[in-house]
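Beneath this line is the structure, given in structure tokens, with notes to follow.
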Amino acid sequence: MSEEDLKKLNILVIDDDEFMLDIVSMTLERLGYNLVTVCSDGRKALQKIDDGERFDVAMVDLNMPLMDGIEVLRYMAARQFSGGILLFSGEDARILKTALSLASAHNLNVLGSLHKPVTINALKKVLDKYHSKSDVSKRKLVELVGADELRNAITEGQIVPFYQPKVRVVDKSLASAEVLARWHHPERGLVPPIAFISVAEEHGIINELTRVIFEQAIEQFGKWRKQGHEFTLGMNLSADSLSVIDLPEQISALASANDVPCSAIELEITESRLMQNLATSLDVLTRFRLKGFGLSIDDFGTGFSSMSQLSNVPFTELKIDRAFVHGVENDASALAILESSVQLAKRLELTVVAEGVEDQSDWNQVAAAQCDLVQGYFIAKPMPASEFERWITSHQTHAK
Ligand code: C2E
Ligand code: CA
Ligand code: CA
């Protein structure tokens, strides 16, 4: 890496401690990085990103009073931040490690972590990684879509459900199918939900999107049930939709129109988003439960909910985030979180699902930890309805 190239790298440093900001930017300058922007508050930093400022690397402090580093990471993920991420903290190494797993699970491009006080050698070492990771600078940015384009796609029927199996650990039999939205874009091909769900939420079109996905998936599910298939259907529900007070009535009407009992549907709600608005959501959640719907707490482990918060909501299922599942064999702190999540779930009598099981080693670990159900590429990727039907048939033949 030439001196010239170093100078071209834009580095953003976020830390509430002004003294730390001075030290880090001085150290960076000594290493030859001259384009350094410092920010004493996560919100200001995100504003810069929203304003279109481009950064190649963001250094994020974990402990900040106004918006902590974990939250900053979550927002950066939602904004598809494609630069390198470097975390630093004065907390113990395990917290840093958990934060790193989280950042990777959010598909952020993690370079590594630094323990405070930051030394020049440690900093040099992680930043060198940026230059050696060949995919980093070439990484394709998932372009966010425009709200009008998305509205149009919804009315044109371009948003369709894909299905991914959850299987039982005991015998690999099919327990449920999770519905995952995909956009058949006329020019861009198949667009993943990361590019449009947050746009839908920010522009108030999420309820429309939910409606078209639910209509298609529940109709399909009704057909599968008539053919004698006995699995349940997992549907993702945005925490924003929990303010729609008659949502339980709307969805149960849709279910009964397709001869589907509410108890055959579980609604998955992301832990972190839910906890921000728990009071207003409890009403709707409780009425869903009264109608018989299953309620699943999604991405568990990423929202830092407390046991008392959790036990207030009538959940039936807990899905452990893939940050604590994939690669857990070589990650003692992830394993500790996996095992304690299973214990917590069992105590609350919830079904436990491990997400992101990608290989045999992940499978062995979650089976040993006594998870009930498994979902992940090791079993199957999300598929369109026709392919899912073929998968069921061949899977059943193999299992026998
Ligand atoms: P999620 O609910 O946590 O869904 C699981 C995601 O993990 C899916 O990503 C799935 O394709 C992916 N996945 C499954 N197995 C593996 C694996 O073994 N390894 C890895 N690395 N990933 C795996 P997808 O389909 O891109 O969906 C992303 C997120 O978008 C979902 O996360 C969910 O929060 C949201 N989403 C999807 N469809 C809908 C929807 O209809 N409504 C709402 N509100 N949100 C949706
Ligand atoms: Ca889900
Ligand atoms: Ca999840």
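The values are calculated or read from the model by the stated rules, or taken from the named source; none is laboratory data. For clarity, every value in this text was computed on a predicted model and none was experimentally measured. So basically every Cβ, Gly included, is an ideal-geometry build from the backbone, and we count neighbours across all protein chains shown.
Couple of notes before you dig in:
- Selected residue (only one of ASP50, ASP92 is free of Cβ contacts under 8 Å to residues at least 24 places away in the same chain and more than 14 Å from LEU9 (Cβ to Cβ)): ASP92
- Single match in GLN309, GLN360, GLN370, GLN365 (criterion: farther than 27 Å from VAL284 by Cα and more than 15 Å from ligand 1 (Cβ to nearest atom)): GLN370
- Filtering SER311, SER263, SER340 for residues that are more than 16 Å from ligand 2 (Cβ to nearest atom) and either buried (at least 19 other Cβ atoms within 10 Å of the Cβ) or modelled with pLDDT of 90 or more (or both) leaves a single hit, SER263.
- Filter result (of a type in the set (Gly, Ala, Ser) and over 20 Å from LYS166 (Cβ atoms)) within the range 180-227: GLY189, ALA195, SER198, ALA200, GLY204
- Flag for VAL328 being more than 25 Å from SER252 (Cα to Cα), in contact with a Leu (Cβ under 7 Å, 6 or more places away or on another chain) and within 16 Å of ligand 3 (Cβ to nearest atom): yes
- Boolean, ILE206 is crowded, with 20+ Cβ neighbours inside 10 Å and at pLDDT 95 or above: yes
- Inspection of the range 347-359 identifies no residue that is away from ligand 3 (no atom under 16 Å from the Cβ), assigned to a helix (DSSP H, G or I) and at pLDDT 90 or above.
- Counting the residues of the range 256-295 that are without any contact (Cβ under 8 Å) to a residue 60 or more places away in the chain and either within 16 Å of ligand 1 (Cβ to nearest atom) or basic (Lys, Arg) (or both) gives 19.
- Residues that are farther than 14 Å from VAL118 by Cβ and among the aromatic types (Phe, Trp, Tyr) number at least 1 in the following helices (runs of 4 or more DSSP H) confined to the range 9-86: 69-78.
To keep it simple, each residue is scored yes or no on (1) more than 25 Å from ILE320 (Cβ to Cβ); (2) out of contact with any Cys (no Cβ under 9 Å at 6 or more places or on another chain); (3) buried (at least 16 other Cβ atoms within 10 Å of the Cβ).
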residue	(1), (2), (3)
ILE194	no, yes, no
ILE213	no, yes, yes
LEU233	no, yes, yes
SER252	yes, no, yes
ALA255	yes, no, yes
ALA279	yes, yes, no
PHE288	no, no, yes
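- Filtered by the rule that a residue be touching a strand residue (DSSP E or B) at 6+ places or on another chain (Cβ under 8 Å), crowded, with 21+ Cβ neighbours inside 10 Å and either over 17 Å from ASP17 (Cβ atoms) or β-branched (Val, Ile, Thr) (or both), the range 60-104 gives VAL60, VAL72, LEU73, MET76, PHE81, GLY83, GLY84, ILE85, ALA99, LEU100, ALA103.
- Tally, over the range 360-389, of residues that are assigned to a helix (DSSP H, G or I) and either over 23 Å from TRP224 (Cβ atoms) or among the hydrophobic types (A, V, I, L, M, F, W, C) (or both): 11
- Taking every residue in the range 65-78 that is within 16 Å of ARG273 (Cβ to Cβ) and pairing it with any residue that is at pLDDT below 85 and surrounded by fewer than 17 Cβ atoms within 10 Å (Cβ to Cβ), at least 6 positions away or on another chain, the pairs with Cβ-Cβ distances below 7 Å are ALA77/ASN107.
- Taken over the range 160-191, the criterion of being polar (S, T, N, Q) and part of a loop (DSSP other than H, G, I, E, B) is satisfied by SER173 alone.
- Residue match in the range 256-273 (condition: within 13 Å of ligand 3 (Cβ to nearest atom), part of a loop (DSSP other than H, G, I, E, B) and of a type in the set (A, V, I, L, M)): no
- Candidates are the residues of the range 357-381 that are without any contact (Cβ under 8 Å) to a residue 60 or more places away in the chain and within 16 Å of ligand 2 (Cβ to nearest atom); the one that is surrounded by the fewest Cβ atoms within 10 Å (Cβ to Cβ) is TYR377.
- GLU339 vs. criteria in contact with a strand residue (DSSP E or B) (Cβ under 8 Å, 6 or more places away or on another chain) and in contact (Cβ under 8 Å) with a residue 12 or more places away in the chain: no
- The listed residue being at pLDDT below 95, away from ligand 2 (no atom under 16 Å from the Cβ) and either β-branched (Val, Ile, Thr) or loosely packed, with under 14 Cβ neighbours inside 10 Å (or both), out of LYS133, LYS138: LYS138
- Whichever residue in the range 292-308 is outside any strand (DSSP E or B) and at pLDDT below 95 and, among such residues, is nearest to ASP240 (Cα to Cα): GLY303
- Exclusive hit being under 16 Å from GLN158 (Cβ atoms) and either away from ligand 2 (no atom under 16 Å from the Cβ) or among the aromatic types (Phe, Trp, Tyr) (or both), set GLU219, GLU202, GLU208: GLU208
- Of all residues making up the range 89-103, the number that are farther than 16 Å from ILE337 by Cα and touching a Gly at 6+ places or on another chain (Cβ under 9 Å): 1
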